[in-house]
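Chemist: Following this message is one structure expressed as structure tokens.
What follows draws every value from the coordinates through simple rules; no lab data is involved. None of the values given here were measured: they were computed from a predicted structure. A quick note on method: Cβ atoms are made from the backbone with ideal geometry, for glycine too, and the neighbour counts reach across all protein chains shown.
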Amino acid sequence: MAAGLADGFTAARACLAPGQGEMVQVVWFDHGAERPGQLLLVIHHLVMDGVSWRILLPDLRDAWQCAAAGRDIVLKPAGTSFRRWSEGLLIAAQDPRWASTLPAWTQMLPGPASRIGRRPRDRDTDVAGRTRSITLDLDARVTDALLTQVPGAFTVSVRDVLLTGLAWPSPRRAVSAAS
């Protein structure tokens, strides 16, 4: 079955053609009466980004559960619209409590941007084609701390912790004269 899903995904992705307006492919995998089917949605990134998926997927799940139970599809009310959010930002920016912090923020702007790493950026070397990956196996204790305790201690997400680990400079290693 997994191979069939992979083949279906590959075929659906190949059918995306933004220049011709083909931005979405929907494939239904019918597994027979004994197993539930699966719905595959392949949507071009010009139409759907990662944040939008996090908004759409719960609605799709809720609609599917309603339909499967034979109920009318009723979705939760929409949250704050982008327009309302941006208007709220404008109002907040004019609030004296926030306006008084403007000097602290603007003093951070002058000067060069901070570097990540020890050397200046090289436009010929620092390209996607030169990326590498590293795989680390962590024991259960460290993994648990990484996923639960560290984010909570700093009020950040796991993603923030992992990105910090990538950007944090590694300790310089002493090189002996013999090497």
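Chemist: Anyone know which of L41, L136, L75 comes out most mobile in the 10 Å Cα GNM of the chain?
Modeler: Of L41, L136, L75, the Gaussian network model singles out L136 as fluctuating most.
Chemist: Okay, next question. Using helices alone, I'd like the mean residue ellipticity at 222 nm for the chain: each DSSP H run of four-plus residues gives -39500 (n - 2.57), total over residue count, nearest 500.
Modeler: That comes out to -12000 deg cm²/dmol.
Chemist: Moving on. In a Gaussian network model over the chain where Cα atoms closer than 10 Å are linked, find which of A140, A104, A68 has the largest mean-square fluctuation.
Modeler: Highest fluctuation of the listed residues: A140.
Chemist: Just to be sure I understand the model, the point goes 7 Å from the Cα along the line to the Cβ. What's the resulting R61 to L138 distance in nm?
Modeler: Result: 2.4 nm between the two label points.
Chemist: Ok, one more. Estimate the FRET efficiency between D30 and V51 by the formula 1/(1 + (r/R0)^6), using the beta-carbon distance for r and 41 Å for R0, to the nearest 0.05.
Modeler: 0.85
Chemist: Listing M108, M23 from the residue with the fewest other Cβ atoms within 10 Å to the one with the most, what is the order?
Modeler: Exposure proxy ranking, most exposed first: M108, M23.
Chemist: State, to one decimal in nm, how far the label point of F9 lies from the label point of L89, with both points 7 Å from Cα in the Cβ direction.
Modeler: Label-label distance for F9 and L89, simple model: 3.3 nm.
Chemist: Considering only the other residues whose Cβ falls under 15 Å of the Cβ of L56, what net charge follows from Lys and Arg at +1 and Asp and Glu at -1?
Modeler: Neighbourhood net charge equals 0.
Chemist: From the Cα trace of the chain, what convex hull volume per residue do you get, rounded to a whole Å³?
Modeler: 328
Chemist: Assigning unit charges at the beta carbon (Lys, Arg +1; Asp, Glu -1) and nothing else, what dipole magnitude in debye, to the nearest 20, does region 15-79 show about its Cα centre?
Modeler: Working: 5 positive and 7 negative charges, 37 e Å.
So the dipole magnitude of region 15-79 works out to roughly 180 debye.
Chemist: Identify which of A128, A113, A78 has the largest mean-square fluctuation in a Gaussian network model of the chain, with springs joining Cα atoms closer than 10 Å.
Modeler: Evaluated over the chain, the most mobile residue of the options is A128.
Chemist: If you don't mind, another one. List the trypsin sites (Lys or Arg not before Pro) within region 20-129 that DSSP assigns to loop and that have no more than 13 neighbouring Cβ atoms inside 10 Å.
Modeler: Loop-located and lightly packed - R71, R115, R118, R121, R123.
Chemist: Given R₀ = 25 Å, what would the calculated FRET efficiency be for H44 paired with A128, taking r from the Cβ atoms and rounding to 0.05?
Modeler: Step by step, r from the Cβ atoms, then E = 0.80.
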